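One structure below.
The values are calculated or read from the model by the stated rules, or taken from the named source; none is laboratory data. Please read these numbers as outputs of a predicted model, since none were measured by experiment. Cβ atoms come from the backbone with ideal geometry, glycine included; neighbour counts cover every protein chain shown. Only protein heavy atoms, including side chains, enter the accessible area calculation; ligands, DNA and RNA are left aside. Shrake-Rupley method; radii C 1.70, N 1.55, O 1.52, S 1.80 Å.
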Amino acid sequence: MIFEEHLATALAGLHLTERPVMLHTSLRSFRTVIDGGADAILDALLNRGCTVMVPAFTEPQFAVAAPTDMRPARNGVDYAAPPVEDTLLEPSPYRVDCGLINPALGLLPAVLVGRPDAVRGRHPLNSFAAVGPEAAHIIDAQSPDDVYGPIRELADRDGVILLIGVGLNRMTALHLAEQWSGRRMFRRWARDIDGAVRMVEVGSCSAGFPKLEPVLGSLDQNIMVGASRWRAFPARQTLAAATAAIAAQQDITRCPDTECMLCRDAVAGGPTTCHTRRPAFRT
C-alpha cells in the first residue's frame, strides 16, 4: 500500500514545494492501493504549497456538429462523414459549475473538479481546473479562443508538468508547443452562454508525442513510487525545447496511424480559413 509518507518523500525529492504543477496521473500505475486514493495525491501536493492543475475536458458532453457556415478547411474533420448520434450531449451550454468531465481523463481530474475550492476555465470543450493558492490566476488565462492560456501561465510561474505513471502522449502542454511552432489550433463547435453555436480552439492528436522523448528526456527528474514512475518536467524549458523541435521538423509529432486526419492537417499547419489567435512565445 502507498501511504502519505511515500507521497511526501517523492514530492520532496522532485523539489516541487510552492510551485504550480500540471498533473497527469494513472492511479493504476501504482499496482497497489493508495491510502486515501486520488485525494491523497492532491493533498500531498497542496500540503507543499503547490497549485495543482488538471485537464477537465468535456467534448462528449458539450460538443455540437459543425454548422454549414463554420467549416474551415484543413481542420482535422471529415465534414462529409455521417453525423455521430449525439445521445450524450447536454442540451444546455457549458457552465464552469457543471461538474461534468470526460470519463476518459481518469479519476483524479474528476476528484479535483469536485472539490469545493476548484477553479475551472471557461472553455466549453477543453477547460482546465485547478486548486491551490495560484488557481484563480492561472485558470483565468483561459478563454474559448485561447485554450492553452493556463499552460502559458504555468510556465511563466516556473511551474512543473508532473507525469505520474503516464507517457508523453498524455502531456497536454505539448499542444501549446505545437501552436508556438507555427501551427494553428483546430476549431470545434459548442454552444455559447446565449445558446448560439460558436467555434472554439482545441488541440490535435497527441499519440505521436512520445517521439519527442529524445528532445525532452534529459529535462525531467524522475522517481519511483511503488510501481509508478513519476517524471517532473520544468514547464518553461520543456515548452521551449518542444517548440524548437517541432518548428525544425513538423513531422516529428505524427502518430503511427498513417490515416490520422488530425496529424495530417496539424503537420500541414492547421486550419486555413479561420482566424486563430496565436499567443506570443515567452522564454
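Loop-resident GluC sites (Glu not before Pro) (DSSP state other than H, G, I, E or B) in the stretch 1-82 with no more than 12 further Cβ atoms inside 10 Å of their Cβ: 18. Residues in the stretch 143-187 average 19 Å² of solvent-accessible surface per residue, probe 1.4 Å, ligands and nucleic acids excluded. Listed peptides 200-212, 22-34 appear in the order 200-212, 22-34 once ranked by packing, highest mean of other Cβ atoms within 10 Å at the front. What is the local net charge at residue 139, summed over the other residues whose Cβ is closer than 10 Å to its Cβ (Lys, Arg +1; Asp, Glu -1)? Computed value for this residue: -1.
Normalising the average separation of contacting C-alpha pairs (under 8 angstrom, six or more residues apart) by the number of residues puts the relative contact order of the stretch 1-127 at 31 percent. Distance between the 7 Å Cα→Cβ label points at residue 197 and residue 65: 0.8 nm.
Working from Cα pairs under 8 Å separated by at least six residues, relative contact order for the stretch 215-275 is 22 percent. What distance in nm lies between label points placed 7 Å from Cα along the C-beta direction at residue 43 and residue 137? Calculated label separation equals 2.7 nm.
Here each label is just a point 7 Å from Cα along the line to Cβ, and for residue 158 and residue 28 those points are 3.7 nm apart. Solvent-accessible area of the chain (1.4 angstrom probe, protein heavy atoms only): carbon and sulfur portion equals 53 percent.
Per-residue ellipticity at 222 nm computed for the chain from its helices equals -7000 deg cm²/dmol, with DSSP H segments shorter than 4 residues left out and the rest contributing -39,500 (n - 2.57). Remark: the stretch 26-119 carries 54 Å² of accessible area per residue (probe radius 1.4 Å; ligands, DNA and RNA excluded). For the chain, the relative contact order is 24 percent, taking Cα pairs closer than 8 Å that sit 6 or more residues apart in sequence and dividing their mean separation by the residue count.
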